[in-house]
Amino acid sequence: MVNPLVGIHAALGETGVFAFFWTFVEMITPDKKRLQRAKIAAMLGVIFFFMSWIIGGYYYSTDYGTDVKPVIKKGPQPWAHGVMMEAKEHIFLFLPFLGIVVFSLVSLAGERMIKDAKLRKSFLIVTALVVLMGLAMAFMGYSISSGFRSALEAGRT
Amino acid sequence: MNNEEKAKRHVASCMITVVVVTALTVAAEMSASLKDGLKQVFFHHWVGKGIIALVVFVLFAHVIPLRVKKPLSKVVNWLTMLTVACGIVIFLFFLWEFFA
């Protein structure tokens, strides 16, 4: 059976991504009300990213190395660990801090962004990057799961 | 310190954190002793990198007085570009390491 922590980690991470997407949408044409909602959304995003980090990190450092990694490495898609997992686990470390920056910007410079189009554009780009990186994490997670599944199937035949 | 200065400090701290994570990731793969050291101190090398990243971010955001003179929009753009570049470096590094 697949460890439920994998699903919880992915669900928390993707909820965080949705929260930052919500922040992005609110800040396209911000006013005072939208700014308030954007602050809440960004704060939720940071909380979900940190929860995803803790749950995923616990699973990765306890179960993955002993139960999953050796199976993938012996299977037909060893790159699922060698490239995807290695890159994912390290690039992921950027995300909680980028999330804090998005929250910090919307909280400390949000009022300015209502009028300053240049700053708002920079903010929207960095928030979009958070969303895209979050989606890339999900894709990499899918690749790792596929690598594990293909190894199990190859072992059965 | 006004709000904009605080925001700039957070952005700059994030930039430093991203660079530290990237450098530590590549260095730990190149040096087995560094990776083992992280394992011994923090139980797992990845946990070690995460804790170091957290410490670096908090240190530069709240303890070490960073002064950023450039406009906030420019600093945010630099963070975006730096993050993309470091992400590509990590991905290409592991791709190279796997096929080498």
ask   = Do the conditions hold for B:Glu5, that is, is it closer than 18 Å to A:Glu86 by Cα, of a type outside the set (Val, Ile, Thr) and surrounded by fewer than 19 Cβ atoms within 10 Å (Cβ to Cβ)?
value = no
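Within region A:125-148, which residues are free of Cβ contacts under 8 Å to residues at least 40 places away in the same chain and surrounded by fewer than 18 Cβ atoms within 10 Å (Cβ to Cβ)?
Scanning region A:125-148 gives A:Ile125, A:Leu132, A:Phe139, A:Tyr142.
Conditions tested, residue by residue: (1) modelled with pLDDT of 95 or more; (2) under 24 Å from A:Gly56 (Cβ atoms); (3) of a type in the set (A, V, I, L, M, F, W, C).
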site	(1), (2), (3)
B:Ser13	yes, yes, no
B:Trp46	no, yes, yes
B:Phe57	yes, yes, yes
B:Ala61	no, yes, yes
B:Ile64	no, no, yes
B:Val76	yes, no, yes
B:Phe98	yes, yes, yes
query = Can you name the residue in region A:28-58 that is in contact with a His (Cβ under 6 Å, 6 or more places away or on another chain) and over 16 Å from A:Ile144 (Cα atoms) and is also surrounded by the most Cβ atoms within 10 Å (Cβ to Cβ) among such residues?
reply = A:Ser52
Hits in region A:82-122 (condition: among the polar types (S, T, N, Q) and either touching a Leu at 6+ places or on another chain (Cβ under 9 Å) or at pLDDT below 95 (or both)) = A:Ser122
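Does B:Lys39 meet the test of being out of contact with any strand residue (DSSP E or B) (no Cβ under 6 Å at 6 or more places or on another chain) and within 17 Å of A:His90 (Cβ to Cβ)?
So B:Lys39 fits the description; yes.
Scan A:Ser61, A:Ser122, A:Ser107 and give me the residue that is facing chain B (nearest Cβ under 9 Å), surrounded by 23 or more Cβ atoms within 10 Å (Cβ to Cβ), assigned to a helix (DSSP H, G or I) and at negative phi.
A:Ser122
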message = Against the definition (in contact (Cβ under 8 Å) with a residue 12 or more places away in the chain, touching a Ser or Thr at 6+ places or on another chain (Cβ under 7 Å) and aliphatic (A, V, I, L, M)), how does B:Val68 come out, yes or no?
response = no
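Is it fair to say B:His62 is part of a helix (DSSP H, G or I), more than 11 Å from chain A (Cβ to nearest Cβ) and of a type outside the set (Gly, Ala, Ser)? Don't jump to the end; show me each part of the working.
Working: part of a helix (DSSP H, G or I): yes; more than 11 Å from chain A (Cβ to nearest Cβ): yes; of a type outside the set (Gly, Ala, Ser): yes.
Yes.
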task = Residue by residue through region A:73-102, note down the ones that are more than 23 Å from B:Ala23 (Cβ to Cβ) and either over 18 Å from the mean Cα position of the chain (by Cα) or not β-branched (Val, Ile, Thr) (or both).
result = A:Lys73, A:Lys74, A:Gly75, A:Pro76, A:Gln77, A:Pro78, A:Trp79, A:Ala80
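Condition check ((1) surrounded by 13 or more Cβ atoms within 10 Å (Cβ to Cβ); (2) touching a His at 6+ places or on another chain (Cβ under 7 Å); (3) over 21 Å from A:Ile55 (Cβ atoms); (4) of a type outside the set (Lys, Arg)) across all residues:
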| residue | (1), (2), (3), (4) |
| --- | --- |
| B:Met15 | yes, no, yes, yes |
| B:Ala23 | no, no, yes, yes |
| B:Ala28 | yes, yes, yes, yes |
| B:Phe42 | yes, no, no, yes |
| B:His45 | yes, no, no, yes |
| B:Phe57 | yes, no, no, yes |
| B:Val68 | yes, no, yes, yes |
message = Filter region B:75-95 down to the residues that are free of Cβ contacts under 8 Å to residues at least 60 places away in the same chain and more than 8 Å from every other protein chain (Cβ to nearest Cβ) and list them by number.
response = B:Met81, B:Ala85, B:Ile88, B:Leu92
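The values are calculated or read from the model by the stated rules, or taken from the named source; none is laboratory data. These numbers come from a predicted model, not from an experiment. Virtual Cβ from ideal backbone geometry, glycine too; neighbours counted across all protein chains shown.
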